[in-house]
Amino acid sequence: MKINLVMIVKNEARSLEKCLRLAKPLVDRMIVVDTGSEDETVEIARRMGAEVFFFSWIDDFSAARNYALEQSDGDWNLVLDGDEYLKPVSRSKLEHSLLAHPGTWLGGLLRYDSYPDEQGVSVSSSVLPRLLPAGVRYTGRIHEQPAGDYPCYALSLEADHDGYLYTDKGERNLSYLERETKEHPEDGYYQFQLASTLRNLKRLKESLGYFRRFYRLSKGEEAYRPGGVVLYLYTLLDLGTMECLEEAGRIVEQEEAALGGWSDFCFVCGLFYMKRVLSDVGRYIELLPRIESCYRRCLELGERPELGGVVGTGSFKAAYNLGAWYEVSGQKDLAVQYYQMAAKQGYEAAKERLKAL
């Protein structure tokens, strides 16, 4: 079995050496295609033993990915970006997992994304199809995906990704996504990606229309849909108008059966019920117990990184919010209990509340 690393890169001098060093023990060849670097990316790739090719950028990520794949003679192609770092796993374990399923299928990599937020840095997880059998190619100008209707199975592969801490590619991606949504107006995936990009750029009102179109167009079985629904809800809550809260309430009701077993959804539901009560206490006072039940449900479900979502919604973040709920409702002993639970997992906000109490 031959496994090759296949990458496209541009100006990745900050992180490329670490990326290649961690991937090298798992692969037979390292193929790096440069799309126009102006730093030491090419020199670093060659020094680490990679074969370097060049591709003139034509505003199409799939075209670059596919050119890189054409240089590979592997039975399987491991696709990484220059700011992704594989966690330790043996080659024999990886090969064993690649023999687990018959036919043509894609291997899923569990990626942990670090990103800045109001609390400092948070982490989210997602399973991405990154180990491709020979012959599989990409489609899509931006946020490219493997072409074909192949199943994706999780492998014994995990990686950390820190690129969001150093660069914000939202403005760069925006023009690509606007073009894709115009060319493919009935594609829910591009509607979701444009909505998410506008949200990240703090353009919440603009994102809302695209979230609504994504929600209308997605059928329910798409892998990106649950995360899109949760981001849609967060956007409605952030806007916070009575109309947005009404809309959020309808979505919570519609999605509860499908997503009620996922801590990320239960977590945002807890926030929804809190905002709903605060919007009109007299009218919505009966919803108060649901705040507590949502966060308790999060802790019951626990952390399931393979399902994707924000790390902590099934553990320390839910425990902290329960602590806050008990604190404001005058149940100090319970507040301390759940703050301690979150603090033991290293959550600094919980440590601060314990000091205050």
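Only the coordinates and a few stated rules stand behind these numbers; no lab work does. Note that the structure is predicted; figures quoted are calculated from it, not measured. Backbone-built Cβ (ideal geometry, glycine too); neighbour counts: all protein chains shown.
General remarks:
- Modelled label positions at T167 and Q337, each set 7 Å beyond Cα in the direction of Cβ, lie 4.8 nm from each other.
- Ranked by the mean number of other Cβ atoms within 10 Å per residue, highest first, peptides 210-223, 229-242 order as 229-242, 210-223.
- Start at zero, step by 5 Å, and the Cα-Cα distances of the stretch 117-273 spread as 1, 8, 16, 19, 21, 18, 12, 4, 1, 0, 0 percent across the bins.
- Computed E for S90/E243 - FRET, C-beta separation, R0 56 angstrom, nearest 0.05: 0.55
- Here the calculated FRET efficiency for S279 and A147, from their Cβ-Cβ distance with R0 = 30 Å, stands at 0.05, rounded to the nearest 0.05.
- Segment Q71-R137, length gained on full extension (0.36 nm per residue, minus Cα span): 22.5 nm
- Anisotropy class of the stretch 265-357 from Cα gyration tensor, a/c 1.5 cut: oblate
- Span from the the stretch 98-168 Cα centroid across to the the stretch 246-294 one, whole angstrom: 31
- Ranked by the mean number of other Cβ atoms within 10 Å of their residues, highest first, the peptides 28-36, 137-145 fall in the order 28-36, 137-145.
- For V52 and K219, a Förster radius of 35 Å and the Cβ-Cβ distance give a FRET efficiency of 0.25, rounded to the nearest 0.05.
- Quick note on the chain: its Rg to Rh ratio, both from C-alpha atoms and Rh being the Kirkwood radius, is 1.00.
- Residues with amide H under 5 Å from that of S37, placed H, sequence gap 5 or more: N11
- Distance from the C-alpha centroid of the stretch 296-357 to that of the stretch 193-239: 26 Å, rounded to the whole angstrom.
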